[in-house]
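A.B. asks: First, the structure itself, so that you have it in front of you.
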Amino acid sequence: PSGTTYDVIKTGEGPRPTIGELAAIRFRAEVKQTGNKIDDIFDTPEPYYTRVGSGGLLKGVEEVLPKMRVGDRYMITVPTDRKST
């Protein structure tokens, strides 16, 4: 219904996060049409820490994050109307 899509690039074997749990994530955000990088946590020594379901990420990412397992790598495509936090 939201239009957010994802492809599983690599399947992890760890647990899924629960709502409210602190999660350490790594991501790269770019504009699909141009490939211009918006942000890249892979370039930093530490992951980005967020509470699952807290609203601290793009709405489309918040929607997909609880489906992921530790070790997963997803390619998430978020429509323009689902980008605001």
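A.B. asks: Magnitude of the Cβ-charge dipole of the stretch 1-43, K/R +1 and D/E -1, about the Cα centre, nearest 20 debye?
C.D. replies: Approximately 80 debye in magnitude.
A.B. asks: Report, as a whole number in µm² per second, the diffusion coefficient that Stokes-Einstein gives for the chain at 10 °C and 1.306 mPa s using the Kirkwood radius over alpha carbon pairs.
C.D. replies: Roughly 118 µm²/s, to the nearest whole number.
A.B. asks: A further question on this structure: For residue 69, which sequence-distant residues (separation of 5 or more, or a different chain) have an amide H within less than 5 Å of its own amide H, given hydrogens modelled in the peptide plane?
C.D. replies: Long-range HN contacts for residue 69: 12.
A.B. asks: Rolling a 1.4 angstrom probe over the protein heavy atoms, how many square angstrom per residue are accessible across the chain?
C.D. replies: Per residue, the chain has an accessible area of 71 Å².
A.B. asks: Dipole magnitude of the chain about its Cα centre, charges +1 at Lys/Arg Cβ and -1 at Asp/Glu Cβ only, in debye to the nearest 20?
C.D. replies: In total the dipole reaches around 140 debye.
A.B. asks: Counting only protein heavy atoms and using a 1.4 Å probe, what share of the accessible area of the chain belongs to carbon plus sulfur, as a whole percent?
C.D. replies: Carbon plus sulfur share of accessible area: 52 percent.
A.B. asks: Determine the relative contact order of the chain: mean sequence separation of Cα pairs under 8 Å and six or more apart, normalised by residue count, in whole percent.
C.D. replies: Dividing the mean separation by the residue count of the chain yields 45 percent.
A.B. asks: Something else now. Where in the chain lies the longest segment free of trypsin sites (Lys or Arg not before Pro) that are both loop residues by DSSP (not H, G, I, E, B) and have at most 16 other Cβ atoms within 10 Å?
C.D. replies: Maximal segment without exposed cleavage sites: 33-68.
A.B. asks: Something else: So for the pair residue 11, residue 24, with labels modelled 7 Å out along Cα→Cβ, what separation do we get in nm?
C.D. replies: Here the modelled spin labels are 2.5 nm apart.
A.B. asks: So if each residue of separation counts as 0.36 nm, and I subtract the Cα-Cα distance between residue 54 and residue 41, what length gain in nm does that give?
C.D. replies: The span from residue 54 to residue 41 would gain 2.8 nm if fully extended.
A.B. asks: Something else now. Each residue of the stretch 66-72 in order: what ³J(HN,Hα) in whole Hz does its phi give by Karplus 6.51 cos²θ - 1.76 cosθ + 1.60, θ = phi - 60°, with x for Gly and Pro?
C.D. replies: Rounded to whole hertz, the list is x, 7, 7, 10, 4, x, 5.
The values are calculated or read from the model by the stated rules, or taken from the named source; none is laboratory data. Quantities reported herein were computed from a predicted structural model and do not represent experimental measurements. Every residue, glycine as well, gets a Cβ built from its backbone with ideal geometry; the counts of neighbours run over all protein chains shown. Ligands, DNA and RNA are stripped out before the accessible areas are found, and what is left, the full protein with its side chains, is counted by its heavy atoms. Shrake-Rupley method; radii C 1.70, N 1.55, O 1.52, S 1.80 Å.
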